[in-house]
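Sharing a structure below in structure tokens format, with a few things to ask.
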Amino acid sequence: MRHDIERLTQPSQFQHHLEQAIPVQVYDHGKHVEIGFITHYDGQFVEINGILFNRSHHHFISRPGF
């Protein structure tokens, strides 16, 4: 996983990416598992491409321009 780009952790970051349709890359234990747009999020999960990802288990990286 790259560490020089923005990792999403705060509700405001998820909201910004949802509203602005900024792509997000999902990692599980450092391994890329998905990339897409947030369609919904809450305190526990983020929905991307119809898949729910647990916020405490996965890492979410901003991918503007992808």
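The values are calculated or read from the model by the stated rules, or taken from the named source; none is laboratory data. From a predicted model like this one, the values you see are computed outputs, not experimental measurements. FYI the Cβ positions are ideal-geometry reconstructions off the backbone, even for glycines, and counts take in every protein chain you see. Note: accessible area is taken over every heavy atom of the protein model, side chains too, but ligands, DNA and RNA are not part of it. Shrake-Rupley method; radii C 1.70, N 1.55, O 1.52, S 1.80 Å.
Taking amide H atoms as placed 1.01 Å from N in the peptide plane, list the residues 5 or more away in sequence, or in a different chain, whose amide H sits under 5 Å from that of Phe45.
Arg55
Multiplying the sequence separation of Asp42 and Phe66 by 0.36 nm and subtracting their Cα-Cα distance, what value in nm do you get?
Contour length minus Cα-Cα distance gives 6.2 nm.
Given a 1.4 angstrom probe, what's the average accessible area per residue across the stretch 1-58, in square angstrom?
In whole numbers, the stretch 1-58 has 63 Å² accessible per residue.
Per-residue HN-Hα couplings for the stretch 6-20, Karplus 6.51 cos²θ - 1.76 cosθ + 1.60 at θ = phi - 60°, whole Hz, x for Gly and Pro?
Rounded to whole hertz, the list is 6, 8, 7, 9, 9, x, 5, 5, 5, 4, 4, 5, 5, 5, 9.
Given a Förster distance of 25 angstrom, what is the FRET efficiency for Gln20 paired with Asn54, based on the Cβ-Cβ distance and rounded to 0.05?
With R0 = 25 Å, the Cβ-Cβ based efficiency is 0.60.
Go through (1) 59; (2) 28; (3) 34 and flag the label whose value is the computed percent of Cα pairs over 17 Å apart for this structure.
The value matching this structure is (2).
Further, regarding this structure: Leaving out ligands, DNA and RNA, what percent of the accessible area of the chain is carbon and sulfur, probe 1.4 Å?
51 percent
So which GluC sites (Glu not before Pro) in the chain end up in coil per DSSP with only 15 or fewer other C-beta atoms within 10 Å?
Qualifying residues, ordered by number: Glu6.
Another question, then. Just grab the label-to-label distance for Glu34 and Arg7, each label 7 Å out from Cα along the Cβ direction, in nm (one decimal).
2.0 nm
Under 8 Å for C-alpha pairs, at least 6 residues apart: give me the relative contact order for the chain, rounded to a whole percent.
36 percent
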